[in-house]
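Notes for the one structure printed next.
The values are calculated or read from the model by the stated rules, or taken from the named source; none is laboratory data. Predicted model, so just to flag it, every value in this text is computed and none were measured. Positions of Cβ are backbone-derived with ideal geometry, glycine not excepted, and every protein chain shown enters the neighbour counts. Heavy atoms of the whole protein, side chains included, go into the accessibility calculation; ligands, DNA and RNA do not. Shrake-Rupley method; radii C 1.70, N 1.55, O 1.52, S 1.80 Å.
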Amino acid sequence: MKLQSLITKATQFPEATVAVAAAEDTEVLRAVAQALQAGFGRFVLYGDESVLSRLVPEHVHDVHRDHIRIVHASTKEEAAHMAVKAVHGKEASVLMKGNVPTATILKAVLNKEYGLRTGNVLSHVALFDVPHYERPILVTDAAMNIAPDLQQKVEIIMNAVQVAKAVGISHPKVALLAAVEVVNPAMPATIDAAALSLMNQRGQLKDCVVDGPLALDNAISVESAQHKGIQSSVAGQADILVVPNIETGNVLYKSLVYFARAQVGAIIAGAKAPIVLTSRADSAESKLYSLALAICAANK
Ligand SMILES: CCCC(=O)OP(=O)(O)O
């Protein structure tokens, strides 16, 4: 599903409520306004009431103002905790990071008493529309897990498969990226990839087809895979790219956005509710797509 279609799908859930932590941010409020304009979402904005009362009318059309509630929080930490508590208490089905450091919101998310942990690994899943590439493609994990071990990679894959299903890819093809297509004992990513592929063949990783190690070119290009003689049901057709570590993921994410001018929507999956957690420099449009992705994932 292309990102624009995701917005159409999100309009099936006009009442889905989003708790925004520290909403006093122009790009966040522009995304909120665009979501309301598109016809989805109710928003509870936690933050400095005096600032929000001034900013909201500047961004949000009068006709949509009854879809927004402002709740005062004295600090960004308090805003993060209040927003997380609202999701924990089921007053909202999606959490959104506003103008608050990632570490602050994640601390609230991981709170033992009212946080959003399920016991599963939390992981970042980004859905891209890349110009001149016909299919949408998911990338994981560009932001959360620094150097995932084999078990963490299993959960990262399962989180991404759930997100893929939410956007209409029912049995995704998962490519495990490395620098080469063969198992090399000096490259741990290739050994994990081989183990994960076998786990998939033996039914330990369900609802998807997993293959690797694959280099990026043969994961996404049939011509490259054919040229290199790679026999694989995933090569050239990957729906999900699993990177070996956060550096690879973050560089791939930002290369797609800045070099390729890709559009992106991204969430943290694996928690009790999806979390919209974009790069600080991401556009309002990306935040809008991320909201749509989160609402679709919350209602899958
Ligand atoms: C890819 C999203 C996470 C990230 O890198 O965020 P910042 O650019 O805000 O550091």
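For the reader, a short list of remarks on this structure follows.
- The slack in the chain from TYR258 to ASN111, taken as 0.36 nm per residue of separation less the alpha-carbon distance, amounts to 49.5 nm.
- Classified by the C-alpha gyration tensor, region 1-109 has an oblate form. Its axis ratio a/c, with a ≥ b ≥ c, is 1.5 or above, and a/b does not exceed b/c.
- Local electrostatic count at VAL100 - Lys and Arg +1, Asp and Glu -1, tallied over other residues with Cβ under 11 Å: 0
- Selected from SER283, SER50, SER123 as most flexible by GNM, with the chain as the system and alpha-carbon contacts under 10 Å: SER50
- Over every Cα atom in the chain, the radius of gyration and the widest Cα-Cα span, Dmax, amount to 19.4, 63 Å.
- Cα gyration tensor category, rounded, prolate or oblate, for region 52-137 with a/c compared to 1.5: oblate
- When the chain is described by a simple charge dipole with +1 on each Lys and Arg Cβ and -1 on each Asp and Glu Cβ, the residue from GLN37, MET158, ALA103 located farthest towards its positive end is MET158.
- Average projection area in nm² (convex hull over Cα atoms of region 105-191, one quarter of hull surface): 7.7
- The label point for ARG65 and the one for ASN120, both projected 7 Å from the Cα toward the Cβ, are 4.0 nm apart.
- Equivalent ellipsoid semi-axes, region 145-300, via Cα gyration tensor eigenvalues times 5, rooted, Å: 25, 18, 15
- Within region 252-268: backbone nitrogen closer than 18 Å to the MET187 label point (7 Å, Cα to C-beta): 252
- Every pair of different Cα atoms in region 153-240 enters the Kirkwood calculation, which places the hydrodynamic radius at 12.9 Å.
- The calculated pair-distance distribution of region 1-41 uses every alpha carbon pair, bins of 10 angstrom beginning at 0, and gives 28, 53, 19, 0 percent.
- Spin-label pair LYS206-VAL222: with each label point 7 Å from Cα along the Cα-Cβ axis, the two points sit 3.1 nm from one another.
- Relative contact order (percent, whole number), the chain, Cα cutoff 8 Å, 6+ residue spacing: 23
- For LEU110, net neighbour charge (Lys/Arg +1, Asp/Glu -1) across residues whose Cβ lies under 12 Å away: +3
- Exposure of ARG65 as accessible area (Å², to 10), given a probe of 1.4 Å and all protein chains: 90
- Stokes-Einstein, applied to the Kirkwood radius of region 209-300 over Cα pairs at a viscosity of 1.306 mPa s and 10 °C, places its translational diffusion at 106 µm² s⁻¹.
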